[in-house]
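Asks: Take this structure, written in structure tokens, and hold onto it; I'll ask about it next.
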């Protein structure tokens, strides 16, 4: 068994950039620091602005197996990408298990993101329930907390 230090993530997918922006602003008003937030979506100028405005830095282009080019920034990216570039070969479907989600959750996140949704993740265990409530309140579809067990 491989031990990985990934942390606990709360994840939801907003239907578009407008709803994601509202949700991210609510998370920041609630005291979630930008360095705990991850944004991932298909590469568009609107997503690039959202990442810049919300996180104070530009997104990086990552390849997602079934979606193609996406813009992403935040702690979730490194965990899912791994040393071997897993997002490009396995996508969200195959990598969400790293943070405690079942493969069907990965398929849902992948499908919603592929349809133009904006995946938002919050790293942190202490306020995971608060993050989940905010995601739900602002339209974060299929929002859930990963059941991280510390092993793969």
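The values are calculated or read from the model by the stated rules, or taken from the named source; none is laboratory data. Please read all numbers here as calculations on a predicted model, not as lab measurements. So basically every Cβ, Gly included, is an ideal-geometry build from the backbone, and we count neighbours across all protein chains shown.
Asks: Just for helices (runs of 4 or more DSSP H) wholly inside segment 48-114: which have at least 3 residues that are under 22 Å from residue 125 (Cα atoms) and either in contact with a helix residue (DSSP H, G or I) (Cβ under 9 Å, 6 or more places away or on another chain) or at pLDDT below 95 (or both)? So that I can check it myself, show each step before the final result.
Replies: Working: elements: 75-81, 86-95, 103-114.
Correct list: 75-81, 103-114.
Asks: Return the residue satisfying two criteria in turn: it lies in segment 39-79 and is farther than 15 Å from residue 21 by Cβ and touching a residue at least 60 places away in the same chain (Cβ under 8 Å), and of such residues it is surrounded by the most Cβ atoms within 10 Å (Cβ to Cβ).
Replies: Result: 76.
Asks: Tell me yes or no: at least one residue of segment 7-20 is surrounded by fewer than 22 Cβ atoms within 10 Å (Cβ to Cβ) and farther than 18 Å from residue 141 by Cα.
Replies: For segment 7-20, residues surrounded by fewer than 22 Cβ atoms within 10 Å (Cβ to Cβ) and farther than 18 Å from residue 141 by Cα: present.
Asks: Further question: Considering 97, 29, 107, which residue is surrounded by fewer than 19 Cβ atoms within 10 Å (Cβ to Cβ) and without any contact (Cβ under 8 Å) to a residue 12 or more places away in the chain? Walk me through it before giving the result.
Replies: Values: 97 fails: without any contact (Cβ under 8 Å) to a residue 12 or more places away in the chain; 107 fails: without any contact (Cβ under 8 Å) to a residue 12 or more places away in the chain.
One residue alone meets the criteria, 29.
Asks: Working only within segment 117-144, note down all residues that are touching a residue at least 24 places away in the same chain (Cβ under 8 Å), assigned to a loop (DSSP other than H, G, I, E, B) and surrounded by fewer than 16 Cβ atoms within 10 Å (Cβ to Cβ). Explain how you work it out, then say what you get.
Replies: Keep residues of segment 117-144 that are touching a residue at least 24 places away in the same chain (Cβ under 8 Å), which gives 117-125, 127-128, 130-132, 134-144.
Going one step further and asking which of them are assigned to a loop (DSSP other than H, G, I, E, B), we end up with 117, 124-125, 127, 138-140.
Of everything in segment 117-144, just one residue is touching a residue at least 24 places away in the same chain (Cβ under 8 Å), assigned to a loop (DSSP other than H, G, I, E, B) and surrounded by fewer than 16 Cβ atoms within 10 Å (Cβ to Cβ), namely 125.
Asks: Check segment 23-32 and report whether any residue there is outside any helix (DSSP H, G or I), at pLDDT 95 or above and touching a helix residue (DSSP H, G or I) at 6+ places or on another chain (Cβ under 8 Å). Spell out how you get there, then give the answer.
Replies: From segment 23-32, those outside any helix (DSSP H, G or I) are 30-32; that's our starting set.
With at pLDDT 95 or above added as a condition, the list becomes 30-32.
Still in the list and also touching a helix residue (DSSP H, G or I) at 6+ places or on another chain (Cβ under 8 Å): 30, 32.
Yes, segment 23-32 has at least one match.
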